[in-house]
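For reference, the structure discussed in these notes is given below.
The values are calculated or read from the model by the stated rules, or taken from the named source; none is laboratory data. Nothing here was measured: the structure is a model prediction, and the numbers come from that model. Methodologically, a virtual Cβ is constructed for each residue, glycine included, from the backbone with ideal geometry; neighbour enumeration extends over all protein chains shown. Accessible surface areas use protein heavy atoms only, side chains included; no ligands, DNA or RNA. Shrake-Rupley method; radii C 1.70, N 1.55, O 1.52, S 1.80 Å.
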Amino acid sequence: MQQAFGLHDLAIEDAHRAHQRPKLERYGNALFVVLRTAQMHEEQGDLQFGETHIFVGPRYVVSVRHGSSLSYTTVRSRCEATPSLLCQGPGFVLYALMDFIVDQYFPVLDVLEDQVQALEEDILGAPVTRATTVRIYHLKRHLLEVKRAISPLIDVCNRLVRFDLDVIPEDSRPYFRDVYDHVIRLNEMVDIIRELLASALEANLSLISVAQNEVMKKLGSWVAIIAVPTMVAGIYGMNFDVMPELRSPLGYPLVLTGMLVVCCALYFGFKRSGWL
Amino acid sequence: MQQAFGLHDLAIEDAHRAHQRPKLERYGNALFVVLRTAQMHEEQGDLQFGETHIFVGPRYVVSVRHGSSLSYTTVRSRCEATPSLLCQGPGFVLYALMDFIVDQYFPVLDVLEDQVQALEEDILGAPVTRATTVRIYHLKRHLLEVKRAISPLIDVCNRLVRFDLDVIPEDSRPYFRDVYDHVIRLNEMVDIIRELLASALEANLSLISVAQNEVMKKLGSWVAIIAVPTMVAGIYGMNFDVMPELRSPLGYPLVLTGMLVVCCALYFGFKRSGWL
Amino acid sequence: MQQAFGLHDLAIEDAHRAHQRPKLERYGNALFVVLRTAQMHEEQGDLQFGETHIFVGPRYVVSVRHGSSLSYTTVRSRCEATPSLLCQGPGFVLYALMDFIVDQYFPVLDVLEDQVQALEEDILGAPVTRATTVRIYHLKRHLLEVKRAISPLIDVCNRLVRFDLDVIPEDSRPYFRDVYDHVIRLNEMVDIIRELLASALEANLSLISVAQNEVMKKLGSWVAIIAVPTMVAGIYGMNFDVMPELRSPLGYPLVLTGMLVVCCALYFGFKRSGWL
Amino acid sequence: MQQAFGLHDLAIEDAHRAHQRPKLERYGNALFVVLRTAQMHEEQGDLQFGETHIFVGPRYVVSVRHGSSLSYTTVRSRCEATPSLLCQGPGFVLYALMDFIVDQYFPVLDVLEDQVQALEEDILGAPVTRATTVRIYHLKRHLLEVKRAISPLIDVCNRLVRFDLDVIPEDSRPYFRDVYDHVIRLNEMVDIIRELLASALEANLSLISVAQNEVMKKLGSWVAIIAVPTMVAGIYGMNFDVMPELRSPLGYPLVLTGMLVVCCALYFGFKRSGWL
Amino acid sequence: MQQAFGLHDLAIEDAHRAHQRPKLERYGNALFVVLRTAQMHEEQGDLQFGETHIFVGPRYVVSVRHGSSLSYTTVRSRCEATPSLLCQGPGFVLYALMDFIVDQYFPVLDVLEDQVQALEEDILGAPVTRATTVRIYHLKRHLLEVKRAISPLIDVCNRLVRFDLDVIPEDSRPYFRDVYDHVIRLNEMVDIIRELLASALEANLSLISVAQNEVMKKLGSWVAIIAVPTMVAGIYGMNFDVMPELRSPLGYPLVLTGMLVVCCALYFGFKRSGWL
C-alpha cells in the first residue's frame, strides 16, 4: 500500500507503532495526522484511549486504527449522505473523521465533570476519608490523560485552518475552524475541571485541618470533664486520719453533687464556646 | 431568516445551540459574535449566566438570546436616542449591545469583591469554621465562571479594534477601544479578587494551624494542672502501714494547700508563657 | 475646556470618573495618560492611592487630580528652572510629571521592604502568633495594590519610548527611557518583595508545624512523667488483704524514692532525646 | 586535530571541559553539538549521565565522549549497513548519533514511570512512612536531571530542522524531524511523570493528614473508654464514712457491670461514628 | 571626563548612583553596561554584591566600581597578554570584563549548591528542627539575590550578540556568544538549585507531618500502656465491703501479673503495628 500511494518511510513506521502523540505532518503533498480517541465506559468508570492515524493525499484518505475505538461506519455513511460536500475531496473526509473523533470527547468530559461535582458535594457535605483522597487522585490522572490527548490538537487544527493549502480546499476552511473551535472548548473544559478539582483538593485539605481542630477540641473537653471528678475522688480517697469532710454524713452526697455540677458547668461552657 | 440575510450554516448551527464560549467569527462579510451575560440576584447571592448571539452584516444586526438575560430595550432606546451615531450603521449597534453586556459585569464583580472582603474580615477576626471553607470554595467557583465568560472577550475586542474593517467603520473604533478597556479592567478585577481570595485562603490555612497550636497548648496546660493534684492524691491514697504524714492532724490541710499552690503556680506559669 | 483643546468625548468621560487603570491612549494628535499616585503615611502605616489624568496635545498639557496626591508645584518649578528643556514642548512636561509620580513609589516600596524585613525577623526569632499571620496578609494586600498601579506603566512607557512620535520629540526619548527603567526597577522590587513575603509565609507555615511538634513532644513527656507515679500510687492504693509491701516499714519511703528515680530518669531521657 | 579540521578555539575549549549543557553552535561552516547521554542501571536504580560532543563539518564528523556512555559501534555498523543514506554525507551520521542517544532516554523514562507507579500504589495502599517521602524526593531529583538533559534538545532539533542548511542536506530533514518528534515526546513524558509525582505528593500529604486525624480519633476514643471506669473507681475509692452503696453486697458486681456496659456503649458508639 | 568622552547626562547620573539593575544602554555611539559582581566568603557563608558600570565608546573603555568587588588587574594583564585580540578594539575589553565578572558566579553557585546538598542530607537523615527551616529561608534569599543579578544578563548578552554592531566587531561575536552561553548556564544552575531547594522544603514539610504522626502514635501507645493498669488499680482500690478477690491471698500477685501481661501485650501489639 505504501508504494501504491507513495507514502514516506517514516510515516509508515509511525503508523505501525502506536503510542504516538497527536500530530500533523506533511510528507510531499500528503498529510499524516495522528489522533487519540477516547471512550468512557460509564458503568465501570473506565476511560480507554485508542489511536487513529490518517493519511490524506490529493486523491485518497487512508486511516489506521490502534487500540479500542468506535467504528467509523457512521462517518462513512454521513459522508456518503452529503455527496455535494464529498466532492470537495479528501479534505472533507478528514474533517468528518476529525469532527467525529473530537466530538467523542464531550461526553467523556461531561462524565468527568459530573464526577468532580459529586466529589465536591461529598467533600463539602461529609467527613473526609481516605477514599475521597484516592478518588481525587484518580480523577486527576484521567484529566491528565485527556489533556495530553487534546492539547496537541490545538496546534494541529490551527495549521489545518491556516496552512497546507493544497490538500485542504479554501471552501472547507470554515469546517476546520469549527473543529478548531470544538478543540479549544474541550481544552477549556479540561482546564476548568482541573481548576475545580484543585479547588476541591484545597477545600479538602483545609476541611481536614478544621476537622482535626474540632476533634482535638472535643477530645480536650471530654478529658477535662472526666479528669475533674477523678481528681476530686482522688483527694477524698486519701488516707489521712483527720479529714473532717469524710466523717460528715452529708459529705458523700455533697461531693457527688459538686462533681455533677462542675461537669455540667464544664459541659455547657464548652458547648457555648463551640468546643463540643 | 437564514436565507434572507445569507448567513452561513455553521453560524446558524452555533446560534441554535447554547453553551458556546464567547467568540467572534467572520463568515463572508458578516460577523458572528457570541457573548455571555451575567446577572447577580443579590438577595439570594445567586449568579446566573445567559448567552447572546449577534449577527452583524453590512445592513442588519440580528441578536439571539439564550438563558436568563436582561431585555435589550434599553439598548434599543439608547440607540434611537442618538440617531447621529446610529447612522454609522450596524457597527454602532454592535457596540451598544457589547457595552451594555460588558457593563453588567461591574456590579457582579462589586458584589463578589464585597463578599471576599466580608470573608476576609471573618477569617481574620473570628475562629475558623467549616462554613468559612465552604464559602471560600463557592466564591472561587463564581470567580472561575466569571473569568470564563470575560477572558475570551479580550481577544474578541482586540480583533474588533484592529481588523474586520468593512463592518466596523473607522469612526467607531474609539468606542470599541472603550469596550476593550472595560474588558481589560474587568479581567484585572477578577484577577485581583482571585488573588485576594487566594491570600485569604492561605491566611485561613495558617490561622487554622495557629489555632490548633493554641488548642493543644491550652489542652496540655489544663492536663498538667489537673494531673499534678491527682498524682499527689494517689500517693496519699496508698495503704502503707507506716506513712507518718497521714497521722499528723495538719497533713490534710497542708497537702490541700500544697496542691492549690502548685496548681496556681502552673496556671500563672502557663499564662505568662502564653500557653493559656 | 474640552472645546478649547478639541478633546475626545470618551477621554473626557474617563477623566471625570476616577478608578481608571493606568493607561495611555491616543485621540487624534493628543495623548491621554492615566497614572496612579501613591503616598505612605509611615506613622500609621497607611497606604493611600490617588489618580492623575494628563492630556498632552501639540501645544498644551492638562492634568486632572483625583484622590489624595502631592501637589505638582515642585514639578512646575523644576520645569521652569530648566527652560532649555522646556522648549522641547509638552513632551518634556509629561516626562517631568511621570518622573515625579514614578519616583514617589520608591519610598513606598522601601517602607514595605522594611516591613517585610521586620516581619521576617519576627517570624524567625519568636513563636508564631495570630498577629503575624494577619500582618503577612495586610502586607500582601498592599503589595498587590502597588503592583496593580505600577505594572501597566511598563506598557505605557514602552509605547512612549517607541511610538507616538509627533508629541514626544526624538531628543526627549532618553528621558522616557529613564522613566521606563525606573518603572522596570519598581516592578522588579515589587516582585522581589513579594517573593520574600512568600518565603516568609512558607517559613511561617513550617515553623508553626515544627512548633506544634515540639508542643506535642513536651506534652507527651510531661504526661509520661506524671502518669507513671500515678499508676504506682494506684497500685499501692488497692485494698487487697495480703500485700506484703504495705506492711513493711520501709515500703513507703522506698516507693517514694522509686517514683522519684523513675520520674528523673524519664525527665533526663526526654531531655536527651530532645523531647523536652 | 584542531588544525586538520580548522575547528574554532572556543569549541575546542568546550569539548575539553565536560558539564556543558546540550547545545548547537555554528562556527563558520562547521556545527558543534553537545548532547547528554543517560543510562539506567536497573538493579541498583542508579541513573548515570555522560556527555558526547560532536563536530560536523562539510566532510567529517568527530565525536568526543565524556563520562559513562554506551559505545557507538552499533551506530557505526548501522550507518555502514545503509550506504545509500550514508552518501548523504556527515548530516546523516549526525542524525544516526542523535537518534541513538535520544532513543536511550525512552527506557530510562519507562523505568522512572514504573517507579512512580509503584510509589503511587504504595501511597494509596499503605500507611505513609518516612521512607516514602524520601523516595518521592529522590525520584524528583532524577526527573529534574533528565529534564535538564532533554529540554535544551527541543531547541537544538528545531534549529537542525529549520536552519543551518549547508551541512544538513534537504533530503535528511524528515529524519531530523523524526528526532525532533522523539525529543518532544520525551519532554512530554517527563512532564507527565512529574505531574503524576506531584499528584502523588499531594495525595501523600493529605493522606498523612487524614491518617493523623484517624490516629487522634482512635486515641481519643480509647482515652474515653479507659477514663470513665477509672473515674467511677475513683469515686468508690473515696473514704467517706457514709456511702450506702459500699455496704450493699450487690454494690461491687453492679458497679463492675455498669462499667462494662458504659465501656461497651462507648466502644460501639465510637465504632458507629467512625472514630474507631 | 564626561566631556572628554562625550557621555550622556543620564548615563553619568546612573553611574554615580549604585543599586542599578544590570542593563545595557546605548547613547549615541557609546554603550553603557551595568553589571553586578558577587563574592562568596566561604568561611562566614557570606555573600556580597558589588556593581561595575562600563562605558564603551569607539576608542575607549571606562569602568566604575561600586561596593565590594575584585580588582580587575587580572583582566588587564590578560588583555595585554593577547595583543592580537586587543587590536579588535574596546569590544574585546568589554568581553574580557564581562567574562571575568560572569565567571565569578560559578564558584558562588557551587557553594550554594553544596549548601543545598548538605541541607538535603540533614533533612532526609535527621529529625527536623527550627534551625533547618531558618537555613532553608536564608538559602532562598541568597538564590533570589543571585537570580536578580544574573537574569537580566541574558537580555544584555543577547543584544550584544545580535545588535549594536558598530562597537562590537563581527569577529568578536563568538566571544560574546560564549559569555551568553555561560550566563544561560548560570541561570539554569540557579533554577535547578531553586527547584532542589523547593523539593527539599516540600520533603521537609511532609517529614514534619510524618514525624508528628509518629509522635502522636507513640504518645497514644504509652498513654494506653499506662492507663490500663491505672484503671485496674483504681477498681481494686474501691472500698466495697464485699469484694471477694480482695480476701484471696493470691489476689494481689494475680492482679499484678495480669497488669504486666496486659501491658506487655499492648506494647508488642503497638510495636507490631508500627505505632511504637
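If the only charges are +1 at each Lys and Arg Cβ and -1 at each Asp and Glu Cβ, what is the size of the charge dipole of the protein assembly as shown around the Cα centre, to the nearest 20 debye? Walk me through the numbers on the way to the answer.
On the way: 130 positive and 160 negative charges, 513 e Å.
Around 2460 debye, computed over the protein assembly as shown.
Checking the a/c ratio against 1.5 first, then a/b against b/c, what shape does the Cα gyration tensor give for chain D? Display every interim value, and only then the final one.
Working: a/c = 5.44, a/b = 4.56, b/c = 1.19.
Because a/c hits 1.5 or more and a/b exceeds b/c, chain D counts as prolate.
Read phi for every residue in the stretch C:133-149 and hand back ³J(HN,Hα) as whole Hz from Karplus 6.51 cos²θ - 1.76 cosθ + 1.60, θ = phi - 60°, with x for Gly and Pro.
Result, rounded to whole Hz: 4, 5, 5, 3, 4, 5, 4, 4, 4, 4, 5, 4, 5, 5, 4, 4, 7.
Can you find, among D:Asn213, D:Leu246, B:Val156, the residue farthest towards the positive end of the dipole of the protein assembly as shown? Put +1 on the C-beta of Lys and Arg, -1 on that of Asp and Glu.
Farthest along the dipole direction, towards plus: D:Leu246.
Within chain D, what's the longest run with no GluC sites (Glu not before Pro) in a DSSP loop and at most 14 other beta-carbon atoms within 10 Å? Give the range, please. Could you put the intermediate results ahead of the total?
Details: sites that count: D:Glu42, D:Glu43.
Answer from the scan: D:44-276.
In the stretch E:79-148, if the dipole is taken from +1 on Lys/Arg beta carbons and -1 on Asp/Glu beta carbons about the Cα centre, which of E:Gly91, E:Val146, E:Tyr105 is farthest to the positive end?
Toward the positive end, the furthest listed residue is E:Val146.
Take the Cα of D:Asp114, step 7 Å along the line toward its Cβ, and report every residue of the stretch D:181-207 whose backbone nitrogen sits under 14 Å from that point.
none
Taking DSSP loops as anything outside H, G, I, E and B, show the longest stretch in chain B free of trypsin sites (Lys or Arg not before Pro) there with at most 12 other beta carbons within 10 Å.
Details: sites that count: B:Arg17, B:Arg59.
Here the longest run is B:60-276.
Which residue in chain A puts its Cβ closest to the axis that rotates chain A onto chain D, and at what distance in whole Å?
A:Gly237, 4
Which of the chymotrypsin sites (Phe, Trp or Tyr not before Pro) found in the stretch D:152-207 are loop residues per DSSP with 14 or fewer other Cβ atoms within 10 Å of their Cβ?
Details: sites: D:Phe163, D:Tyr175, D:Phe176, D:Tyr180; in loops: D:Phe163.
Answer in residue order: D:Phe163.
Given C:Lys271/E:Lys271; A:Lys147/D:Lys147; E:Lys218/E:Lys271; D:Lys217/E:Lys217; C:Lys271/D:Lys217, which pairs have Cα atoms separated by over 18 Å?
Values: C:Lys271/E:Lys271 23 Å; A:Lys147/D:Lys147 20 Å; E:Lys218/E:Lys271 10 Å; D:Lys217/E:Lys217 11 Å; C:Lys271/D:Lys217 28 Å.
From C:Lys271/E:Lys271; A:Lys147/D:Lys147; E:Lys218/E:Lys271; D:Lys217/E:Lys217; C:Lys271/D:Lys217, over 18 Å: C:Lys271/E:Lys271; A:Lys147/D:Lys147; C:Lys271/D:Lys217.
List the distances, in nm and shortest first, from the label point of A:Leu124 to the matching label points in every other copy, placing each point 7 Å from Cα along the Cα-to-Cβ direction.
2.6, 2.6, 4.2, 4.2
Can you give the accessible area of E:Thr73 in Å² (nearest 10), computed on protein heavy atoms with a 1.4 Å probe?
90
In the Gaussian network model of chain D, springs joining C-alpha atoms below 10 Å, which of D:Val34, D:Val134, D:Val242 carries the largest mean-square fluctuation?
Of D:Val34, D:Val134, D:Val242, the most mobile in the Gaussian network model is D:Val242.
For chain B, set up a Gaussian network in which alpha carbons nearer than 10 Å are linked by springs, and say which option among B:Gly125, B:Gly67, B:Gly91 fluctuates the most.
B:Gly125
Can you compute the FRET efficiency between A:Thr82 and D:Arg59 using 1/(1 + (r/R0)^6), with r the Cβ-Cβ distance and R0 = 60 Å? Round to the nearest 0.05. Each step should come with its number before you reach the end.
On the way: r = 58 Å, r/R0 = 0.96.
Taking R0 as 60 Å, the efficiency between A:Thr82 and D:Arg59 is 0.55.
Distances over 68 Å make up what percent of all Cα-Cα pairs in the protein assembly as shown? If you can, show how the numbers build up before the last one.
Working: 200996 of 951510 pairs.
When all Cα pairs of the protein assembly as shown are counted, 21 percent exceed 68 Å.
For the protein assembly as shown, with all protein chains present and a 1.4 Å probe, just round the carbon and sulfur fraction of the accessible area to a whole percent.
58
Take chain C, connect every pair of alpha-carbon atoms lying under 10 Å apart with a spring to form a Gaussian network, then pick out the residue of C:Asn29, C:Asn239, C:Asn204 with the largest mean-square fluctuation.
C:Asn239
Dividing the convex hull volume of the alpha carbon atoms of the stretch D:112-243 by its residue count, what do you get in Å³ per residue? If you can, show how the numbers build up before the last one.
On the way: hull volume 13.7 nm³, N = 132.
With only Cα atoms used, the stretch D:112-243 gives 104 Å³ per residue.
Could you derive backbone 3J(HN,Hα) for the stretch D:227-243 from the dihedral phi with the Karplus parameters 6.51, -1.76 and 1.60 (θ = phi - 60°), listing whole Hz in sequence and x where the residue is Gly or Pro?
After applying 6.51 cos²θ - 1.76 cosθ + 1.60, I find 6, 5, x, 4, 5, 4, 4, x, 4, 7, x, 6, 9, 5, 5, 10, 10 Hz.
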